[in-house]
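The block underneath contains the structure these notes are about, expressed in structure tokens.
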Amino acid sequence: MSFDAQSLAAIDELLASAEANGATIAELRRRFPGLSLSRCDASDVADETPFRRFERCDLYLLDGRDHCWKITSDPATATGLVLAANEAQK
């Protein structure tokens, strides 16, 4: 699954005030069935640059086309999302 402008706008709208918690993950799964989605601690992605930063969470795009997943900044190659609580939430 790649992310078009409409999908990214819907994700932005949801995450603008959301926390990186189970309710947010559930809502993303409802809106984007079949999407690979994960939540992690900010320290797990400390060496990566978020695709988007929000008040309470950071969004990372995943490229899972190869054997190993990697963080990407390209929505056209993204196959999933990772949410991490940002420093403001801690």
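The values are calculated or read from the model by the stated rules, or taken from the named source; none is laboratory data. Worth saying up front: this structure is predicted, and the values here are computed from it rather than measured. Positions of Cβ are backbone-derived with ideal geometry, glycine not excepted, and every protein chain shown enters the neighbour counts.
A few notes on this one:
- Leading residue by the ranking (nearest to K70 (Cα to Cα)) among those in segment 19-32 that are part of a loop (DSSP other than H, G, I, E, B) and without any contact (Cβ under 8 Å) to a residue 40 or more places away in the chain: F32
- Matching residues, segment 33-77, being touching a helix residue (DSSP H, G or I) at 6+ places or on another chain (Cβ under 6 Å) and among the basic types (K, R): R39, R56
- Residue within segment 12-21 that is touching a Pro at 6+ places or on another chain (Cβ under 8 Å) and among the acidic types (D, E) present: no
- Any hit, segment 33-52, residues being touching a strand residue (DSSP E or B) at 6+ places or on another chain (Cβ under 7 Å), outside any loop (DSSP other than H, G, I, E, B) and in contact (Cβ under 8 Å) with a residue 60 or more places away in the chain: no
- Of all residues in segment 32-59, those that are in contact with a Gly (Cβ under 9 Å, 6 or more places away or on another chain) and among the aromatic types (F, W, Y) total 0.
- Residue under evaluation E55, criteria (1) within 15 Å of S2 (Cα to Cα); (2) at pLDDT 90 or above, criterion not met: (1)
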